[in-house]
Amino acid sequence: MVTAAGRTVPVGSATAAVHPAGTHGDALGGVGVALGLLPGEPGHAGGPWVVGRLAAVGEVTLHNRAELLAWLASAGVAVGPDAADGELLLRCYARFGANGIGAAEGMFALAIADGAELVLVRDHVGARTLFHAYAGGCWLAASSLRALRRWPAVGGELD
């Protein structure tokens, strides 16, 4: 879930969850977003990952990890060898924007909180699904319909 501009939004993974606004603000380096994982949902979600003013959660498996690490290193971006694939993808986005996502090969659904903006990213062939809805005055996103339907404003009515 992401809370931006006073609205809480589930994001990025079948295991996203609501945390009260500001709960993780300090842990996220003052980004002003709250992210977390929803227990009891299937999936392999991770995060939150934080890079500067960006924060993200999602399901990410990268197949060209070594290539992305080398590209970031050549741009002066240090990334630890044990960084999660989600963090690596977020760092590519932070440094190279959409081109960073375009260079990634793998399966991923990632929700990025960029200030008051929510950026949803999915792999090129759609191996990881990403559903979204507008309900209760905010945008919602999840990698499964089951997780999306758990949001009270959505309920069982999807079109």
Classified through the alpha carbon gyration tensor (a ≥ b ≥ c as square roots of its eigenvalues; rounded if a/c is under 1.5, else prolate when a/b is larger than b/c, else oblate), segment 68-116 comes out rounded
What list of ³J(HN,Hα) couplings, whole Hz, do you get for segment 142-154 from phi and the Karplus terms 6.51, -1.76, 1.60, once you set θ to phi - 60° and write x for glycine and proline? 7, 8, 9, 5, 4, 5, 4, 5, 6, 6, x, 5, 7
If a/c stays under 1.5 just call it rounded; otherwise compare a/b with b/c (prolate if a/b is bigger, oblate if not). Do that for segment 110-159, with a ≥ b ≥ c from the square roots of the Cα gyration tensor eigenvalues. oblate
Order these peptides, 111-118, 69-76, 127-134, by their mean beta-carbon neighbour count within 10 angstrom, highest first. 111-118, 127-134, 69-76
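Computed from the coordinates by the stated procedures, all read-outs in this text should not be read as laboratory data. Here the structure is a predicted model, which is why all the values come from computation and not from measurement. Positions of Cβ are generated from backbone atoms using ideal geometry, with glycine treated the same way; all protein chains shown enter the neighbour counts.
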